[in-house]
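For reference, the structure discussed in these notes is given below.
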Amino acid sequence: MDLEYSATEKLFRDDIRAFIGQNLSRDVAAKVLGHKRLSREDIIGWHRVLHTRGWSAPTWPREFGGPGWTAVQQHIFDEECTAAGAPPVIAFGVRMVAPVIMKYGSAAQQQFFLPRILSGEHWWCQGYTEPGAGSDLASLKTTAVRRGDTYVVNGQKTWNTLGHFADWIFCLARTSSEGRSQEGISFLLIDMKSKGISLRPIALIDGEYEVNEVWLDDVEVPVTQRVGEENKGWTYAKYLLTHERVNIARLGESKRELRSLKAIAARVSNDGRPLIEDVRFRDAIAALEIELRALEYTVLGVLSAEAAGRDPGAISSALKISGSEIQQTLSELKMRALGPRALPHVPEALDAGWQGEPGGAEWWAALSGRYFNMRKTSIYSGSNEIQRNIISHRLLGL
Amino acid sequence: MQFEFNDDQLALQDSVRRFFTERYDFETRRGCLAEPAGSSDEIWQAFAEQGFLSIGLPEAHGGIGGATELMLTMEEIGRALVLEPYLSTVALCAPLVADHGTEAQQADLLPRVAAGSLKLALAHGEAEARYASTVHTEARREGESYVLNGAKTTVLDGAVADLLLVSAQMKDRAGKLLAVFQVDPNAPGVRLVRYRTQDGRSAADVFFKDVNLPASQMLGVGDATAALERAVQRGIAALCAEAVGAMEATNATTIEYTKSRKQFGQPIGRFQALQHRMADMFVQATQARSMSILATGRCAAHAAEPGDSALRRRDVSMAKCYVGKAARFVGQQAVQLHGGMGMADELAVSHYFKRLTMIDMTFGDSTHHLAAVSDAILLESQT
């Protein structure tokens, strides 16, 4: 047992840190750290920079063009990037659809799609959830009817993240209505430029635009764009959901946000004294830091188990619950630190470089909106109630 | 960085668990509870024969394994609800002797610990200090001896110990310092008020009135403040590990109970309200184990990186706070999910609950350690 990084791991970290220091745009980092609006170019630009070094897909094995890092190295990379304020990896391509294509896709699909995910040429989005199929995803109704060498896809998807930036969408569609609802689903890869796809933005609680409704009207999809076998899509979808074990904890991001919370509490004046001197507020930070430390060492334990070839099982559900609750509490405390300054809603201030009134808004304007936005974390990717079902069924045998 | 245990460590934990399953089941433990001392000398001798009392001692004095082995053993101690003074003797006092005692003192005391002929207790806490480490008990130099006066409160295992390690303030030419003395509980001037604790263990309040101690009874040389702090931190790490074992067992027994108990025509474990509670209990126990590993790792690292005492202090406090809260939650919910049976002495769950509660109340409860972390955050913001 050794809690510290090895000398090799420390060298690796220094290497990552140096690269970020030389290549990450300060303007983009400031936007990320201040929770300002990010453009498509901000995100894809960083992806391209990473690609020049072969790091755009940190989780990929070498055979598909990834760096072939160990779980611990991936963790270090994520921590360093997040801490520095790098834009997030575009998860839907790199972390979600790519592992499915690697494991279940045809050779042609692998050759076509994987290099384009690596280079950033293809931005992917997800077509899973439907208005009537949320937690009960297998009840989805979007259909794909086979006509010769194409499927004709009809239906509606919702809560589609950043589809307005995307080039491709991976979709679950029903190809059979026989048997259990899980049994008639297929996994399709669809070009967003296909005729019949339309998007409508969903206005969110914080007034920002990140998710869409997606309509598919007689969209023609070549059969060659189906992953694996027909009607086996549920297996692939589940693989995708369980493939991501530790990223779901959002450890690096929460460690960064904790530092930011402390900085804010030291900066905000509480009747002439720094707020951090207020015991009640500081105790709330301390309680949160303790929760975060417990999550951190649980994540490190999972990484260590994976490195030793052990399968830590459904533990990712526990990481999701703790990680999302911590993200929410962090955003709540950052908002509460503002006191009455939590009230003003100044959406213009979310654009970088804004210098308007009320004064100082450039740093605090985003915090209340972020609090409202972070309520999503216990709802998406399998709500925390679904995660508790998974723990009680798979881990506790109930 | 790696958190995996090697095969030898896992084999050790397995053998400890097997020993307790075979030799220390719930009914045997009941028998120990009924003994006047509240623990069994026969079992203690068996611990010695199995080598359990040598775990973590220096190799030069017959020790085997280190902090990790001790942690894994403490998990089993918690799972089996062991009443014998293992925590005090092996996790708290023996490492203090190894850390601060002279070579001669180590050679005198440690082999006897390993052989099972010497039970130790740490007499450090005082009533006025509550969880703080303030010591009013004092030792005065008189010729070649020291004279001890003062009182120690809730000395864990003090009622069964053969030797007490007592902290006391002293003045010498260099100023005030904290020392540790070996005190025979039967020595003239030492008075013990023995009692049982809520969880069935034994403890004592100890009063010292002009107790005469030969200079050789002082443990080590020089100020023992840092050594005592490290000893308590190791004790906290051991308690965390014990709590982890007890929580895992509590969760297991709760799951079993809800699978067998039927109401409304079905096992109550089918109800989602109960399932989600047990999922939360599982999450907290899992993360508590991570914190226990962190605490043990930090305490073990102190020799290698003595400069990092602030980091050790903060992480040990974080661990104790998290584990204390988790222990309270798991214990309370386990009793709740057992319904009326959770209130009965007859089932193990009530005993686990009491032990888990008292672990939180020992060496600083979750509120005390939260305050320590909070203070560290303030300090960090000012530097």
Failed criterion for A:K262 (all others in (1) within 11 Å of chain B (Cβ to nearest Cβ); (2) among the basic types (K, R); (3) free of Cβ contacts under 8 Å to residues at least 12 places away in the same chain hold): (3)
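Picking from B:Q50, B:Q106, B:Q9, B:Q2, which residue would you name as being more than 14 Å from chain A (Cβ to nearest Cβ), surrounded by fewer than 19 Cβ atoms within 10 Å (Cβ to Cβ) and polar (S, T, N, Q)? Show your work before the answer.
On the way: B:Q106 fails: surrounded by fewer than 19 Cβ atoms within 10 Å (Cβ to Cβ); B:Q9 fails: more than 14 Å from chain A (Cβ to nearest Cβ); B:Q2 fails: more than 14 Å from chain A (Cβ to nearest Cβ).
Answer to the selection: B:Q50.
Which members of segment B:1-31 meet the condition of being out of contact with any helix residue (DSSP H, G or I) (no Cβ under 7 Å at 6 or more places or on another chain), under 25 Å from B:V349 (Cβ atoms) and not basic (K, R)? Spell out the reasoning first.
Step one: list which residues in segment B:1-31 are out of contact with any helix residue (DSSP H, G or I) (no Cβ under 7 Å at 6 or more places or on another chain), which gives B:6-8, B:10-11, B:14-15, B:18, B:21-22, B:25, B:27-31.
Restricting the remaining residues to those that are under 25 Å from B:V349 (Cβ atoms) gives B:14, B:18, B:21-22, B:25, B:27-31.
Matches in segment B:1-31: B:D14, B:T21, B:E22, B:D25, B:E27, B:T28, B:G31.
Mind telling me which of the residues B:G101, B:G56, B:G62 ends up being under 30 Å from B:G150 (Cβ atoms), more than 19 Å from the chain's Cα centre (by Cα), outside the structural domain of B:D360 (by TED's automatic domain parsing) and of a type in the set (G, A, S)? Walk me through how you get there before you give the answer.
Details: B:G56 fails: more than 19 Å from the chain's Cα centre (by Cα); B:G62 fails: under 30 Å from B:G150 (Cβ atoms).
Checking each option against the conditions leaves just B:G101.
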For B:E346, only one of the following conditions fails: (1) of a type outside the set (K, R); (2) at pLDDT 95 or above; (3) outside any helix (DSSP H, G or I). What is its number? (2)
Scanning segment A:1-22 for residues that are in contact with a helix residue (DSSP H, G or I) (Cβ under 7 Å, 6 or more places away or on another chain) and in a helix (DSSP H, G or I), which turns out nearest to the other protein chains (Cβ to nearest Cβ)? A:E9
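Does at least one position in segment A:367-379 carry a residue that is assigned to a loop (DSSP other than H, G, I, E, B) and in contact (Cβ under 8 Å) with a residue 12 or more places away in the chain?
No, segment A:367-379 has no match at all.
Check whether at least one residue in segment A:105-116 is farther than 24 Å from A:E213 by Cα and of a type in the set (K, R), and report yes or no.
Checking segment A:105-116: at least one residue is farther than 24 Å from A:E213 by Cα and of a type in the set (K, R).
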Can you tell me how many residues within segment A:198-213 are of a type outside the set (D, E) and closer than 17 Å to A:D351 by Cα? 2
Residues that are part of a helix (DSSP H, G or I) and buried (at least 21 other Cβ atoms within 10 Å of the Cβ), drawn from segment A:83-94: A:F92, A:G93, A:V94
Would you confirm, using the coordinates I've provided, whether A:S304 is in a helix (DSSP H, G or I), more than 10 Å from every other protein chain (Cβ to nearest Cβ) and hydroxyl-bearing (S, T, Y)? no
Which condition number does B:Q284 fail, the rest of (1) within 9 Å of chain A (Cβ to nearest Cβ); (2) more than 20 Å from B:M358 (Cα to Cα); (3) crowded, with 21+ Cβ neighbours inside 10 Å; (4) at pLDDT 95 or above being met? (2)
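Here are A:S331, A:S324, A:S317: which of them is touching a Lys or Arg at 6+ places or on another chain (Cβ under 6 Å), in a helix (DSSP H, G or I) and either within 14 Å of another protein chain (Cβ to nearest Cβ) or under 29 Å from A:D271 (Cα atoms) (or both)? Outline the logic, then answer.
Numbers: A:S324 fails: touching a Lys or Arg at 6+ places or on another chain (Cβ under 6 Å); A:S317 fails: touching a Lys or Arg at 6+ places or on another chain (Cβ under 6 Å).
A:S331 is the lone residue from the list that is touching a Lys or Arg at 6+ places or on another chain (Cβ under 6 Å), in a helix (DSSP H, G or I) and either within 14 Å of another protein chain (Cβ to nearest Cβ) or under 29 Å from A:D271 (Cα atoms) (or both).
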B:A300: surrounded by fewer than 24 Cβ atoms within 10 Å (Cβ to Cβ), farther than 20 Å from B:I359 by Cα and of a type outside the set (F, W, Y), yes or no? yes
Flagged in segment B:310-362 as closer than 14 Å to B:N251 by Cβ, aliphatic (A, V, I, L, M) and more than 14 Å from chain A (Cβ to nearest Cβ), in numbering order, are B:V335, B:A348, B:V349, B:L356
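Do we find a residue being in the same structural domain as A:V214 (by TED's automatic domain parsing) and crowded, with 22+ Cβ neighbours inside 10 Å anywhere in segment A:106-115? So that I can check it myself, show each step before the final result.
Of all residues in segment A:106-115, those in the same structural domain as A:V214 (by TED's automatic domain parsing) come to none.
Within segment A:106-115, not a single residue is in the same structural domain as A:V214 (by TED's automatic domain parsing) and crowded, with 22+ Cβ neighbours inside 10 Å.
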Close pairs (6 angstrom Cβ cut-off, 6 or more residues apart or separate chains): closer than 22 Å to B:F271 by Cβ in segment B:335-353, part of a loop (DSSP other than H, G, I, E, B) and not small (G, A, S) anywhere: B:M341/B:L347; B:V349/B:H338
Residue identified as modelled with pLDDT of 95 or more and outside the structural domain of B:Y86 (by TED's automatic domain parsing) among B:L177, B:L164: B:L164
Can you name the residue in segment B:336-365 that is surrounded by fewer than 15 Cβ atoms within 10 Å (Cβ to Cβ) and not aliphatic (A, V, I, L, M) and, of all such residues, is nearest to B:H124 (Cα to Cα)? B:D345
Complete set of residues in segment A:265-292 that are more than 9 Å from chain B (Cβ to nearest Cβ) and not in a helix (DSSP H, G or I): A:V268, A:S269, A:N270, A:D271, A:G272, A:R273, A:D278
Anything in segment B:12-40 that is surrounded by 14 or more Cβ atoms within 10 Å (Cβ to Cβ) and of a type outside the set (G, A, S)? List them, or say none. B:L12, B:Q13, B:V16, B:R17, B:F19, B:F20, B:R23, B:Y24, B:T28, B:R29, B:C32, B:L33
Can you go through B:D199, B:D210, B:D205 and tell me which one is of a type in the set (D, E) and touching a Ser or Thr at 6+ places or on another chain (Cβ under 7 Å)? B:D205
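Any idea which of B:R312, B:R355, B:R328 is closer than 24 Å to B:T134 by Cβ and of a type outside the set (G, A, S)? Step through it out loud before you land on a result.
Numbers: B:R355 fails: closer than 24 Å to B:T134 by Cβ; B:R328 fails: closer than 24 Å to B:T134 by Cβ.
Going through B:R312, B:R355, B:R328 in turn, the sole match is B:R312.
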Restricting to segment A:172-198, count the residues that are buried (at least 18 other Cβ atoms within 10 Å of the Cβ) and closer than 19 Å to A:F92 by Cα. 9
B:S145: surrounded by fewer than 21 Cβ atoms within 10 Å (Cβ to Cβ), closer than 23 Å to B:A94 by Cα, of a type in the set (S, T, N, Q) and not assigned by TED's automatic domain parsing to the domain that holds B:V232, yes or no? no
Just a yes or no: is a residue in segment A:43-63 without any contact (Cβ under 8 Å) to a residue 40 or more places away in the chain, polar (S, T, N, Q) and either in a loop (DSSP other than H, G, I, E, B) or within 14 Å of another protein chain (Cβ to nearest Cβ) (or both)? no
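The values are calculated or read from the model by the stated rules, or taken from the named source; none is laboratory data. Given the structure is predicted, the values throughout are model-derived calculations rather than measurements. As a convention, Cβ positions derive from the backbone with ideal geometry for all residues, glycine included, and neighbour counts pool all protein chains shown.
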